[in-house]
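Notes for the one structure printed next.
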Amino acid sequence: MHVLILGGTTEARRVAELLAAEPPEGLRVTNSLAGRVAAPRTPPGEVRVGGFGGAEGLADWLREHTVDLLIDATHPFAGTISFNAARAAATAHVPLLALRRPGWEPVEGDVWHEAGSLADAAELLPSVGRRVFLTTGRMGLSAFADLDDLWFLVRSVDAPEPPQPSRMEVLLDRGPFTLDGERELLRRHRIDVLVTKDSGGAATAPKLTAAREAGVPVVVVRRPAVPDGVPVVAEPGQAVRWVREAHARHSSPGRRGPHVSG
C-alpha cells in the first residue's frame, strides 16, 4: 500500500515519523516537498522534491506510482496545491484527506485587523502603523513593494527576492520562536504593527502574545478554505489512524475504503 504525503510542514513530518515508528506491514510512504526552502527538514521515508505540473500531472503521478492514499498536509496557505490535489485525487480515484492545524483565535487584549489577502493587508497597513514586522514569508513581498513610507522587518527562512519594499531589514530565521525573543524584536525595532498569516500552530504563536503585551495591533490574513468535499482533520494522529484503517481495509476486500475518525 502506497501513501503520498504532500508536506513541507511540521504536521506532515510528524505523520511520516509516526508511520515510520510503527509501520504497518507492506506500507510505503512517499513525502513530497515543494522545494521552496533551500534546506528543508526531511521526514523519514521516500522524499521527492518539486512540483507535479498541476492537477493533471499529479493525477498522472498517482496512477504511475500506484498511490492508494493521498494526504494533503501542506501549509494552510498553499491553496493552489490543495485544489490541484482535490482534482487529481478525483481524477485518479484516490482517497484524499486534508490535515490542517487549527487557526489562531483572538483573546482578550488582542487588537486584530482581518484581511482577506496579502493585497488587502498592504492596503490596510498605512492606517494601522508605520514600522511593520512582516512574517508572511518571502513569496508575497511584492504586495508590499509600493509602501515606500513604511519600514519593514521581514522574517523568512530564505532570503527574499525583488520586488520587495524599499525600506526593510531582513531577518533569516526559522521557528519555533520564543516569547522572550519576540518581545525583544518588537522592542528593539520599535514595531508598531505586526502582519501575519493565520497559519496556526504553536511554533510561531509567541509573536501574537508579544504583540498583545506591547499593545501592538496585528493584521491577520485569513487562510483559504479547503476544497469542498475533502475531509479534514486537525491532528497528525488522526491522519495516521486514517491510514491504518485504510491499510486494514486494504487486506479485507469485503470492506470499504478509509473514513475519517476523530
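The values are calculated or read from the model by the stated rules, or taken from the named source; none is laboratory data. This is a predicted model, so every value here is computed, not measured. Note: ideal-geometry Cβ built from the backbone for every residue, glycine included; neighbour counts use all protein chains shown.
Residue 159 fulfils the conditions (1) hydrophobic (A, V, I, L, M, F, W, C); (2) at pLDDT 95 or above; (3) more than 17 Å from residue 118 (Cβ to Cβ) except for a single criterion, (2).
Results for (1) small (Gly, Ala, Ser); (2) modelled with pLDDT of 90 or more; (3) in contact with a strand residue (DSSP E or B) (Cβ under 6 Å, 6 or more places away or on another chain), shown as yes or no for each residue.
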{"position": "166", "(1), (2), (3)": "yes, yes, no"}
{"position": "221", "(1), (2), (3)": "no, yes, yes"}
{"position": "225", "(1), (2), (3)": "yes, no, no"}
{"position": "245", "(1), (2), (3)": "no, yes, no"}
{"position": "252", "(1), (2), (3)": "yes, no, no"}
{"position": "258", "(1), (2), (3)": "no, no, no"}
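Condition check for residue 205 on (1) in contact with a helix residue (DSSP H, G or I) (Cβ under 8 Å, 6 or more places away or on another chain); (2) among the aliphatic types (A, V, I, L, M); (3) surrounded by 15 or more Cβ atoms within 10 Å (Cβ to Cβ); (4) under 19 Å from residue 76 (Cβ atoms): one failure, at (1).
For region 1-97, the strands (runs of 3 or more DSSP E) that sit wholly inside it and include 1 or more residues that are among the acidic types (Asp, Glu), surrounded by fewer than 20 Cβ atoms within 10 Å (Cβ to Cβ) and in the same structural domain as residue 244 (by TED's automatic domain parsing) are 46-49.
The rows are residues; the columns are (1) modelled with pLDDT under 95; (2) touching a His at 6+ places or on another chain (Cβ under 6 Å).
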{"residue": "30", "(1), (2)": "no, no"}
{"residue": "38", "(1), (2)": "yes, no"}
{"residue": "49", "(1), (2)": "yes, no"}
{"residue": "67", "(1), (2)": "no, yes"}
{"residue": "84", "(1), (2)": "no, no"}
